[in-house]
Structure formats: C-alpha cells, structure tokens
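One structure below.
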Amino acid sequence: MKRGPRIGYVLRQSAQLVRGSPWLTAVSAVTIALALTLVGLFAMVLFNANHVLHDLGQSLSLSVYVKDTATQQDIATIETRLKQRHGVKALKTLTREQDRERNRKLLDKDLLEGLDESAIPGQPVIEVEIDADLASRGDVEELVTWTRAIQGVTSVEDVEFGAEKLRLLFAIVEIARTIGFVLSVVLLASAMFFVFSTIRLGVFSRRDEIEILSLVGATPGFVRVPFLVEGALQGLAGALVAMVLLGLLHLELRSLVRDVYMLNATWSLLPPSMVLWLLIGGPAVGLAASAMSVGRYLKV
Amino acid sequence: MIQLYHVHKRYPNGCDALSDVTMRVREGEFVFLTGPSGAGKSTLLHLLLVMERVTDGQILIGGRNIHVLRDASVPYLRRNIGVVFQDFRLIGRRTVFDNVAIALEIMGLTRKEVERRVGQLLDGLRLTHRAGAYPGDLSGGEQQRVAIARALVNEPAILLCDEPTGNLDPDLGHDIMNLLLDVNRRGTTVVVATHDAGLIERYGLRTLVLARGTLVEDRPRSGRLAPIERGPAAAVGPDPLATSTAATSAGAAAFADIAEEAP
Ligand SMILES: Nc1ncnc2c1ncn2[C@@H]1O[C@H](COP(=O)(O)OP(=O)(O)OP(=O)(O)O)[C@@H](O)[C@H]1O
Ligand SMILES: [Mg+2]
C-alpha cells in the first residue's frame, strides 16, 4: 500500500506550521509579494514600453532635404534608393514652393503679416514614411546607419530623423530592464531566503515529531510534504497579495498615462498571462525554497 | 517470526552493546526480554526496528532479512511492528487522538476510516474522554495507554514494548500486562523488555535474559501462568480490542511484500 498522505492531513499539518511561526510566515509571504510585485511591475513597464516602441516604429517618418542644385534626375535617383528599403510605405516629394506653402501654414498669422515671401523657408524635400519593426536597439541602429548612408548620397543636403530620441528611449528601456532584472533577482533571492528560514525553523522545532513519524513507519515523503506545502502556500499568499498590488498600480498607471500624457492607449496595461505567471511563479518560488530547506535540514 | 543469528552491535563509540546473540521468537509468542540496566535490551529492540544496523550477524523478521533491506523499505517494515518506547515518544503538539491516528494516516487511510478505528480503540482503552487532550496534560499511565494505542491501531504483526510497566504503580502495570496478553491472544507476537523481575515471576512466560550484551539464559514458559485478573481500579476496560475489525493480525505474511535490496 504505497499511498501518500491525504490532502486533509497535509493541510492540517501545514496550518499547524503556520501557527507555529506566524510572523516569520507572514514576513516570507510579504517578501514574496514584494518581489513578485516588482517583477510584475517591471514586466508591465517593459511590456508596455515595447508596445510604445512598436507603435512608434509603425509611424516613423523622415525628411530628406535635397540640394537646390539637384535636377529632376537626381531626385528620381534618391527616390529609387529610398524605395529599396523594406518597410518604406510612402514617398512624397515636395518642391521648394510646396514646402514653403507647408511652412507658411505652420507659422503664426501675425508673424506672416509683414513678411517677405522669400523669407519663409522652403526647400525641395522627400517625405518618407517607414514602418520599421523596432524590436531591439539594433533595429534603431540599423535605421540610423541607413539614414547616414542616404546623407552621403550626392545632392542630399540633409536628413531629418528623430533617431536620437528613439535611441534614448531604447537606452532607457534597456537600463530599466537591467535594473529591474537585478532588483527582481535580489528580491526574489531574499524572499526565498525567508521561506528557507521559516521552513528550517519549522523543521528544527519539530525534530522529535519528525523522528517519531519515521519510527512508526512514515515514508520520508510523508514527513516532508507538509513542509513543502507550507512553502508553496507562502508563495501562493505572496502571489495573491502581489496581484492585488499590481492591480492597483495598473489602475494608477493607466489613469496617469491617460490624464497626464493624454495617450489613449489601446493596448492592455496588465496582460492576463501575467496573472497566470504570478499564480504559478509564487508557489513555485515558495516550493523551491522549502525544498532546499527540507533537503538540507530534514533528515529522515 | 523474529530470528537473530550471531548478532553483534558495536556503537560508534566502541561500546559493544550486543555480542553473538542468537535467538528466535515464534509467531504468536509472548516473550520477556530482561537483564540489568545496560544489558542491551533497548539496543536489541532498536535493531529490530532498523533504528540501528547490526555490526555483524543477521536478523530475520517474518522471514525477511532486514540486514539487506533498502532504506526505502524500512517504513513498510516498521508499519508491521508496533512499538511502545520506554519514554513513550508521543508528539507533544498533537492531541491524543492525532497521536494515535498517525499510525493510520501514514498509510493513507481516509479520515473517516481513521476516525472510526482510532475512536474504537480509544473507547476500548477508556481514553475517549482524553481524545482532545495533549500528552503533556496526561498522567503517566494515560500516556502509556496512548503509546500502546498508537502501537496497536494498525494491527501490527509484532508488538515491541520497552519497559511498559516501568514507573507505574503495580495495579496499572498489571492492567497493561493484561492488555498485552489480550493482544497476544489475538495473534500478535509480543516482545516485552523489562527489568521488573516481579512481573516476569508472576506471569511465568518465556524469558530471554541478557547480560552485558550476551544472551545468558532462555527460560521457557513455566506453565503455571498466573490467572489473568483485573486490578480493582481497572483503567483498562474489558477486552479493549473486541471492537477491532480484524480479529488477528496478518502474522508473518505481513512482511512478504517488503522489498529487499536489489543484489
Ligand atoms: N546510541 C548509543 N551510542 C553508544 N552507546 C550506546 C547507545 N545506546 C546504548 N548504548 C550503550 O549500549 C549498552 C546497552 O544499552 P541499552 O540501552 O541497550 O541497555 P538496556 O538493556 O536497554 O538498559 P536499560 O535497562 O537501562 O534500558 C549500554 O552500555 C549503553 O551505554
Ligand atoms: Mg532500555
């Protein structure tokens, strides 16, 4: 008859363990909650940053200013060159007059009053719309290299492209990712340490009990399972708390994005898969920590 | 049921607790194990439970050589051997009921079945009113009965008792003895380690005498078995095991499916 312990028995024993050291258990659960919240928060921020970058990449535009001296032929060459790149959606070539017209509209009416027509800037320009798949920093760098190459083409005067902003954004995302990763690892490690210590304390305070169980014929598994479940339950409690915290942060962030940045984001701020990850991750972290503790301190 | 061949036990500190002990206890027998303090009685019981391993020699229980038993099989051997330890070894933070229930819970019985069997046994041992109490709040005699209940609840083939009447007043001691004899009559092989010469004298059962780790005497049952009487203030009820479902334990057959070490 090789049967494991009944669930009822395991839960009663685990509850007993919680009652044995309620404070340490609470601290473990809270540390797991904080660690998971942080992991979740960074995941949330990065997930959404990637969304922003993706959206940005879809509506990139650059202006290629052509030298005054350029002939129709030169412009056609540049256009062909531009079209070669994948993701170039549309080209719109403006003559000097059309560009001037466009600028006039942008300028203030009052300012234009006494202004000479030739004082309004205007230059032949090719407006390029690109749909770039910006998944990483490399994609931005590649785009930058490409614009530099265009700059080198004869009769191109200048290329205007907000690459620096994009690069900065990517750099920020990358720093956030690194900090988030390091912090998450540190917090998760300390959360695991707390669970590890709680379980160790439980094992030490139940040495007699563990020995007796084994003497009356309990298998090592039977003796260990309540401790493992106790660890997993601490993780689960932490995950549930983390979910509540993240839910609140999510609402807070969403209103911030809407009201302050006036962005009507269509993408989800809290991906549903994260809920699942938390529900699996919390107990897994708790279980791993208690398994380490049990493996080290519970000899049967 | 229990066979020892030239068993030698030397503790890591160099103490020879047993040397060249050869003995045999048949199925259904009731045997006293006696000798002065330090003679090796407890050591012998610990070897039977594989709490310690022999230094030399062989031990067979129910025909299985426990010397070659895998660690993973030890729990299954122990389930067939009920033990009442000299110091009871009850779990202080669990109730009387839960202490007895352990022996069934480790086998994965349903809560309902556990409640039924523990309830019956506690009833028979007149411990029902103490079921919710903790061992620390019990008298020595009550603790002893709880320890016995735990050892008996899963109807083991063998019952080992280390000083079951020690520290008890004589009346209580006889109640316990009557209970053990009852268990034995139902088919369980019983080994009682004691240095209570009066007790041995009174019951006239087979007695193995140890001295400084060697078997010095194997006194057969005298035949003049003292009448089994109940003390005036009988703490133990009449026939506590009468309500138990299985009348007799499985005997040596219980050890048949314990896996041995692969060669
Ligand atoms: N774990 C141990 N380590 C070292 N020596 C031990 C150990 N247990 C017992 N001994 C020694 O082995 C010898 C036999 O001890 P054991 O406990 O078997 O005697 P006993 O017959 O049960 O005595 P008592 O009647 O006092 O219970 C003693 O000399 C004791 O000191
Ligand atoms: Mg002893």
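The values are calculated or read from the model by the stated rules, or taken from the named source; none is laboratory data. Computed from a predicted model, the values in this text were never measured in an experiment. Neighbour counts are summed over all protein chains in view; Cβ atoms, including those assigned to glycine, are modelled from backbone coordinates with ideal geometry.
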query: Has segment B:136-159 got any residue that is touching a Ser or Thr at 6+ places or on another chain (Cβ under 8 Å) and either basic (Lys, Arg) or without any contact (Cβ under 8 Å) to a residue 60 or more places away in the chain (or both)?
result: no
query: Inside segment B:57-84, can you point out the residues that are farther than 14 Å from B:Ala256 by Cα, in contact with a strand residue (DSSP E or B) (Cβ under 9 Å, 6 or more places away or on another chain) and more than 8 Å from chain A (Cβ to nearest Cβ)?
result: B:Gly57, B:Gln58, B:Ile59, B:His67, B:Val68, B:Arg70, B:Gly82, B:Val84
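How about segment A:1-114: which helices (runs of 4 or more DSSP H) wholly inside it have at least 3 residues that are crowded, with 16+ Cβ neighbours inside 10 Å and not small (Gly, Ala, Ser)? Give the steps one after another, and end with the answer.
Working: elements: A:7-20, A:22-58, A:72-83, A:96-106, A:109-112.
Once the helices (runs of 4 or more DSSP H) in segment A:1-114 are filtered for at least 3 residues that are crowded, with 16+ Cβ neighbours inside 10 Å and not small (Gly, Ala, Ser), what remains is A:7-20, A:22-58, A:72-83.
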- prompt: In segment B:53-63, is there at least one residue being more than 16 Å from ligand 1 (Cβ to nearest atom), modelled with pLDDT under 90 and in contact with a Ser or Thr (Cβ under 6 Å, 6 or more places away or on another chain)?
  reply: no
- line: Residues in segment B:85-117 that are within 8 Å of another protein chain (Cβ to nearest Cβ) and assigned to a helix (DSSP H, G or I) total 4
Qualifying positions in segment A:209-229 - at the interface with another protein chain (Cβ under 8 Å from one of its Cβ atoms), in a helix (DSSP H, G or I) and among the hydrophobic types (A, V, I, L, M, F, W, C): A:Ile212, A:Leu213, A:Leu215, A:Phe222
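Of all residues in segment B:93-133 being β-branched (Val, Ile, Thr) and buried (at least 22 other Cβ atoms within 10 Å of the Cβ), which is farthest from the chain's Cα centre (by Cα)?
Of segment B:93-133, the ones β-branched (Val, Ile, Thr) are B:95-96, B:100, B:102, B:106, B:110, B:114, B:118, B:128.
Remaining after also requiring buried (at least 22 other Cβ atoms within 10 Å of the Cβ): B:96, B:100, B:102, B:106, B:114, B:118.
Values: B:Val96: 19, B:Val100: 14, B:Ile102: 16, B:Ile106: 18, B:Val114: 21, B:Val118: 18 Å.
Once the filter is applied, the top-ranked residue is B:Val114.
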- prompt: Filtering segment B:148-171 down to residues that are within 16 Å of ligand 1 (Cβ to nearest atom) and buried (at least 24 other Cβ atoms within 10 Å of the Cβ), which residue is nearest to the chain's Cα centre (by Cα)?
  reply: B:Leu160
message: Looking only at segment B:190-223, filter to residues that are surrounded by fewer than 17 Cβ atoms within 10 Å (Cβ to Cβ) and among the small types (Gly, Ala, Ser); which one of those is farthest from ligand 1 (Cβ to nearest atom)?
response: B:Gly223
field: Among (1) away from chain B (no Cβ under 14 Å); (2) among the small types (Gly, Ala, Ser); (3) closer than 25 Å to B:Pro135 by Cβ - the single one A:Gly202 does not satisfy
entry: (1)
message: Can you pull out every residue in segment B:1-56 that is within 13 Å of ligand 2 (Cβ to nearest atom), more than 14 Å from chain A (Cβ to nearest Cβ) and assigned to a loop (DSSP other than H, G, I, E, B)?
response: B:Gly35, B:Pro36, B:Ser37, B:Gly38, B:Ala39, B:Gly40
